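*Asks:* I am attaching a structure below and will ask some questions about it afterwards.
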Amino acid sequence: MKHSVAAIISVVVGMSNPALAQTFNLCTPESDRTFTPHFSVAPSMVVHSDSVLDTTRASLGLNGTATERVFSFSRTIASILKSAGGDASVASQRDFVQSMLTTFLPVETFPLNAKGGAVMPLDARGEASALTAEAMLDETQGMKPLALFNRFDLAPDNWAHCGEHRIIYGREPAPGARFLLIFEAMVPNPNPSAGSEGCKSVAEFWAKLSEPGLSDTELATRLSAFYYEGKTSPALAKADLLTPVVDYRNYGGDGGRGQVRANAFNPPPWQLREWLTQRTFNPAPGSLPVAFVPVTVKDNPLAELYFDDLTGTAFLAKNPAASANLLHGQFLQSLTSTIALRLLSETTAQHQALINELPLYHLGAGVQAEVTSDKVLLNTIALGNDDKFNEFQSTSQGFSDAPGDGGKSTLVTQMLNQVGAATNPFVGPQSGQVLLNRARAATCAGCHMTAARSTGGGFVGPGVVVLEKQDGTVLRWPDVDAGGFVQVSETRALSPTLTDAFLPFRRYVLSRYLCKAPAPTEPPVTAYEPSGDMPQPSMMAEAVGKNLVDETASGGYFVDALIDSFMASAGSSPSLAAPADGVADDQALNRSLARLTPDELSALRNRVSNAIALARSVELQRAGAFVETRRPH
């Protein structure tokens, strides 16, 4: 196994309080060659306690409004702006948040999925009028932090990054109009040449949060330094990550994994949507350096693509028949081959390794600690479909986005029956309906509602069947928060899906990384290796600079270098090499942008957008370090 650190890691508890000093072993090897991890689900996998998340800036000695929370929405928005060289004024923060709200168009539209060459439906929504940037940024009545999540399990097999590290926000008190945002930052490997060992400091940072005796203030201090300073220890003189976790590059703006997603309820239908934080290249004085750019919701194929035929669908009506039917045929071909094999995750090598190594770890008793083969399955089911099939919204209210719902996929189900019935030593025969249920659960809408509460329009349980066992019993998809539709509620309560299935598994994954003896360092693997059903993007690579895309996909950033290259060719180079403080000189960039013609500005935006799309497509198709196909949500 290639992910590794020392078998026993000793740290000192209470470094800021010598009276608490004692040895803390993150992982103890037993005499029978098994391991006992000593870090817990909370806070090493999730932090959702009021005492930490309501810690104020004043209590940590931070500048700014004394009563503002350390992980306030305003601080995150300001930090993203600063990372692009912009100012963090109240006006700039409002404009930045408004760039998201304006994407909730008040009329139905059909934006183009350029990868698929077809337009996808996009519903009219009321967020642009129901919400205001000013209200969202208000510390008392606006968006409050609900939870911090460690998603180390999303690291790729080439260790270009160390997974995602997330902050969830929700409106408070959300009277009649709920709205939740999750900032999902990809953290690049700070030492990619070291492979898996390069992510050691990130893994240890989270595990050390379980040290006995740590105060809530110390926890908040450590997490603040990690998210907003890029330090895996507040005691460090300078950052040891490439950037702070909260950085526009880490939310997809530099071509890597990472995004911002919303669970929107204003008004129904309740939907999930997705954005990147991307440079605007607007040379006007005082303009925003970055904006929220809407993108497709990953692993959410248009539901109509599961139909036997497209007759009578809005998708067919809004697209040339040749284009719509071509994409439909391509999806069905992928569904019954590469996608179906990902849904049958028991057949993958990574899944079998997770099952086979379970006896090596003493994870504890009880549903919120132990990990079973059923829990492994719930965490490894994934679609992994090409982005060309995805739409720009995932509807959790009603079953319009539930694959195969409504009796319009009879032939598709029969085809999947044959896939599921194939002899396999790792999983018994599964019906085509089970495969469609797995496809439903792997989407945003499914995980948030339609797979968890699958009976009737009232959304009651139980969840859909995702495994038919040979003894006649079944495994069903677990439930969401008691209030419905969310995995973390505005009261910071966690869903059974998280507490009973996802979080124990993620602790197991971190244990597999931390409890192994060091393995020989493997050379970094180039990430420019399209797999599955993703088309060869050689033409796009030629246009944007394949070497730059390779660089970011193997660790690091590339957009600034791409801008420098473009500016040099246009005779207007700003030299965006990051200065000592890690913040680009946005004023220098704006001066250079002002010298470009409108056509050159358009060419620059297109080149950067294409490069980001290419790099993200490559990264999202990579196998994971722990899970073969990583669900992007």
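The values are calculated or read from the model by the stated rules, or taken from the named source; none is laboratory data. What you are looking at is a predicted structure, and each value in this text was computed from that prediction instead of being measured. Note that each Cβ is placed from the backbone with ideal geometry, even for glycine, and that neighbours are counted across all protein chains shown. All accessible areas refer to the heavy atoms of the entire protein, side chains included, with ligands and DNA or RNA removed. Shrake-Rupley method; radii C 1.70, N 1.55, O 1.52, S 1.80 Å.
*Asks:* Can you tell me which of (1) open to solvent by less than 10 Å² (accessible area, probe 1.4 Å); (2) at pLDDT 95 or above; (3) closer than 28 Å to V412 by Cα is the one Q271 doesn't meet?
*Replies:* (2)
*Asks:* A further question follows. In the stretch 53-86, what count of residues is obtained for those that are within 24 Å of N250 (Cα to Cα) and under 26 Å from the mean Cα position of the chain (by Cα)?
*Replies:* Adding up the residues that qualify gives 19.
*Asks:* Is it the case that L219 is surrounded by 23 or more Cβ atoms within 10 Å (Cβ to Cβ), more than 27 Å from D157 (Cα to Cα) and in contact with a Leu (Cβ under 9 Å, 6 or more places away or on another chain)?
*Replies:* So L219 fails the test.
*Asks:* Based on this model, can you work out whether A340 counts as of a type in the set (A, V, I, L, M), within 30 Å of N424 (Cβ to Cβ) and in contact (Cβ under 8 Å) with a residue 40 or more places away in the chain?
*Replies:* It is true that A340 is of a type in the set (A, V, I, L, M), within 30 Å of N424 (Cβ to Cβ) and in contact (Cβ under 8 Å) with a residue 40 or more places away in the chain.
*Asks:* Now a separate question. What is the residue count in the stretch 165-216 for residues that are open to solvent by 40 Å² or more (accessible area, probe 1.4 Å), at positive phi and in contact (Cβ under 8 Å) with a residue 24 or more places away in the chain?
*Replies:* Here the count works out to 1.
*Asks:* Can you pull out the helices (runs of 4 or more DSSP H) entirely within the stretch 31-135 that have at least 2 residues that are of a type in the set (D, E, K, R) and open to solvent by 50 Å² or more (accessible area, probe 1.4 Å)?
*Replies:* Helices (runs of 4 or more DSSP H) meeting the threshold: 90-101.
*Asks:* Right, next: Being within 30 Å of V70 (Cβ to Cβ), small (G, A, S), free of Cβ contacts under 8 Å to residues at least 12 places away in the same chain and open to solvent by 20 Å² or more (accessible area, probe 1.4 Å): is that true of G286 here?
*Replies:* The answer is yes for G286.
*Asks:* Here is a follow-up. Select, from K115, K144, the only residue that is among the basic types (K, R) and more than 30 Å from T67 (Cβ to Cβ).
*Replies:* When all the criteria are applied, what remains is K115.
*Asks:* Answer yes or no as to whether L272 is of a type in the set (A, V, I, L, M) and not in a strand (DSSP E or B).
*Replies:* In short, no.
*Asks:* For the list (1) of a type in the set (A, V, I, L, M, F, W, C); (2) farther than 23 Å from R630 by Cα; (3) at pLDDT 65 or above, I need the number of the one condition that A517 fails.
*Replies:* Looking at each condition in turn, A517 falls short on (3).
*Asks:* Go through the residues of the stretch 462-478 one by one and say whether even a single one is within 25 Å of A264 (Cα to Cα), more than 22 Å from the chain's Cα centre (by Cα) and not hydrophobic (A, V, I, L, M, F, W, C).
*Replies:* yes
Conditions (1) within 17 Å of T277 (Cα to Cα); (2) not small (G, A, S), marked per residue:
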residue: A203; (1), (2): no, no
residue: T217; (1), (2): no, yes
residue: P234; (1), (2): no, yes
residue: L242; (1), (2): no, yes
residue: R249; (1), (2): yes, yes
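*Asks:* Going residue by residue through the stretch 299-315, is there one that turns out to be assigned to a helix (DSSP H, G or I), open to solvent by 10 Å² or more (accessible area, probe 1.4 Å) and not polar (S, T, N, Q)?
*Replies:* Yes, the stretch 299-315 contains at least one residue that is assigned to a helix (DSSP H, G or I), open to solvent by 10 Å² or more (accessible area, probe 1.4 Å) and not polar (S, T, N, Q).
*Asks:* Inspect the stretch 553-561 for any residue being at pLDDT 90 or above and either farther than 30 Å from Q352 by Cα or β-branched (V, I, T) (or both) and give the result as yes or no.
*Replies:* Within the stretch 553-561, not a single residue is at pLDDT 90 or above and either farther than 30 Å from Q352 by Cα or β-branched (V, I, T) (or both).
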